[in-house]
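Student: Once you've had a glance at the structure underneath, I'll fire off some questions.
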Protein chains: 2
Amino acid sequence: MQYETGLFRKFLEKRGLRVTQTRMQIAETVFSTHKHFTPDELAEWVRKKDSSTGRMTVYRTLGLLVESELVEELTLRKGQNLYEHVVGHKHHHHMICLRCGRIQEFSNEALESLPRQVARQKGFTATSHAIKIHGFCKACSPIANGHRGGGEGETVGVASSRAQVGSGEPSET
Amino acid sequence: MQYETGLFRKFLEKRGLRVTQTRMQIAETVFSTHKHFTPDELAEWVRKKDSSTGRMTVYRTLGLLVESELVEELTLRKGQNLYEHVVGHKHHHHMICLRCGRIQEFSNEALESLPRQVARQKGFTATSHAIKIHGFCKACSPIANGHRGGGEGETVGVASSRAQVGSGEPSET
DNA sequence: ACTGGTATTGATACTCAATACCGGGATTAT
DNA sequence: ATAATCCCGGTATTGAGTATCAATACCAGT
């Protein structure tokens with residue numbers, strides 16, 4: 001984590017931005033967890049250390065972290081963005097369970113190179129890519145299959161309840 | 001298009017929902033274009049035929065169209081969802097230009113099967129997947145490369161202006 | 001140290017997509 | 001016809017994200 005904050009410091013300096021305590025504290029908080037989080041969750045965590053930190057500053061610093069490419073923005077849900085810190089991680093993608101809402105990560109060699117190749121064939125220079133798989137996780141698959149009888153137009157009644165997956169403090173890996 | 005609206009009608013009947021003129025008119029409008037659209041854009045198009053149609057109904061019918069799997073919801077942008085009708089199309093994915101905002105489609109055989117396989121290996125039953133590639137389109141690549149000098153921390157100043165890509169009537173393919 | 005200028009911060013107000021609610025109207029079954 | 005639903009559309013509400021702006025913190029040069 002020392003390492004990640006160091007990178008962020010370097011990024012700020014290179015951009016001629018000030019390395020303030022508030023910014024570093026937000027960055028530390030981000031790097032102290034490997035969970036996905038919303039801006040407001042992050043704000044809450046930060047405020048446990050320094051209750052005076054404003055929501056705006058969290059949003060702004062999060063923007064800087066994304067620009068520095070130390071943090072990635074995930075558009076997995078509808079009305080809300082999730083973020084995750086990506087330094088020191090293997091690049092990965094996400095599977096979202098339609099029933100319990102759990103988000104699971106996975107990575108695969110071929111899935112890293114292929115999209116870029118395909119893009120290049122079309123004259124498109126890829127800088128990043130994201131793969132999102134919807135379906136049913138291990139635990140929910142049997143249940144979901146039980147409900148779905150044959151397979152005609154029966155794609156109903158799923159995807160409503162959302163599981164609550166952790167919400168307290170940020171946790172180490 | 002006759003075909004697609006027929007499928008929607010069947011879906012409604014199977015669900016015990018009424019096949020109302022309003023719903024069919026919204027569906028027709030959706031199937032009359034292959035563009036991406038926001039719910040409000042759709043509402044505007046629909047109101048050109050029947051100015052009394054309410055925004056709420058458009059949202060609701062759009063929800064039904066998604067459930068029937070005739071229309072897909074894309075979470076490409078932040079604050080706003082895009083939709084596109086997918087029946088009779090080859091399944092495809094999207095490349096989003098960071099400079100001009102243009103959205104380009106592509107498809108690839110391997111990219112269809114691979115994600116599902118990988119998911120299955122993890123005990124996850126995939127029902128759908130989406131691949132999103134960010135980068136620079138053919139037109140913007142040279143410009144972007146020109147701006148980006150070497151390649152250290154220089155990932156700045158990009159991704160701000162958004163191109164306006166069509167806005168009038170829905171158009172045939 | 002002091003001063004002037006700039007960047008940063010955080011409270012408040014605002015925007016806008018999406019949702020909830022509710023009363024009136026249409027459609028079907030009895 | 002009448003009752004019971006379902007459907008529709010207007011309005012109000014929610015909530016994430018953004019803009020504004022005055023106050024504050026920081027820095028460089030004197």
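Student: Any chance segment A:16-28 includes a residue that's within 26 Å of A:K132 (Cβ to Cβ), within 16 Å of DNA strand D (Cβ to nearest atom) and surrounded by 20 or more Cβ atoms within 10 Å (Cβ to Cβ)?
Tutor: no
Student: Among (1) within 16 Å of DNA strand D (Cβ to nearest atom); (2) surrounded by fewer than 16 Cβ atoms within 10 Å (Cβ to Cβ), where does A:E112 come up short?
Tutor: (1)
Student: Return only the number of the condition from (1) within 16 Å of DNA strand D (Cβ to nearest atom); (2) more than 16 Å from the chain's Cα centre (by Cα); (3) surrounded by fewer than 20 Cβ atoms within 10 Å (Cβ to Cβ) that A:Q2 does not satisfy.
Tutor: Every listed condition holds for A:Q2 apart from (1).
Student: Another question, then. Restricting attention to segment A:123-133, does a residue exist that is more than 7 Å from chain B (Cβ to nearest Cβ), part of a strand (DSSP E or B), more than 26 Å from A:E28 (Cα to Cα) and under 22 Å from the mean Cα position of the chain (by Cα)?
Tutor: Within segment A:123-133, none of the residues are more than 7 Å from chain B (Cβ to nearest Cβ), part of a strand (DSSP E or B), more than 26 Å from A:E28 (Cα to Cα) and under 22 Å from the mean Cα position of the chain (by Cα).
Student: Looking only at residues that are without any contact (Cβ under 8 Å) to a residue 60 or more places away in the chain and under 22 Å from A:L76 (Cα atoms) in segment A:42-54, which one is surrounded by the most Cβ atoms within 10 Å (Cβ to Cβ)?
Tutor: A:L42
Student: Something else now. With respect to B:S160, is the statement that it is at pLDDT below 85, hydroxyl-bearing (S, T, Y), surrounded by 15 or more Cβ atoms within 10 Å (Cβ to Cβ) and more than 30 Å from B:Q2 (Cβ to Cβ) true? So that I can check it myself, show each step before the final result.
Tutor: Values: at pLDDT below 85: yes; hydroxyl-bearing (S, T, Y): yes; surrounded by 15 or more Cβ atoms within 10 Å (Cβ to Cβ): no; more than 30 Å from B:Q2 (Cβ to Cβ): yes.
Spelling it out, it is not the case that B:S160 is at pLDDT below 85, hydroxyl-bearing (S, T, Y), surrounded by 15 or more Cβ atoms within 10 Å (Cβ to Cβ) and more than 30 Å from B:Q2 (Cβ to Cβ).
Student: Another question, then. Checking the conditions here, which among A:L76, A:L12 is closer than 20 Å to A:T127 by Cα and not small (G, A, S)?
Tutor: Details: A:L12 fails: closer than 20 Å to A:T127 by Cα.
Residue meeting the stated conditions: A:L76.
Student: Please list, ordered by residue number, the strands (runs of 3 or more DSSP E) wholly in segment B:1-97 having 2 or more residues that are away from DNA strand C (no atom under 16 Å from the Cβ) and either within 14 Å of chain A (Cβ to nearest Cβ) or at positive phi (or both).
Tutor: So the answer is B:93-97.
The values are calculated or read from the model by the stated rules, or taken from the named source; none is laboratory data. On a predicted model such as this, the values are computed, not experimentally measured, just so you know. Here the Cβ is made from the backbone with ideal geometry for all residues, glycine too, and neighbour counts use every protein chain on show.
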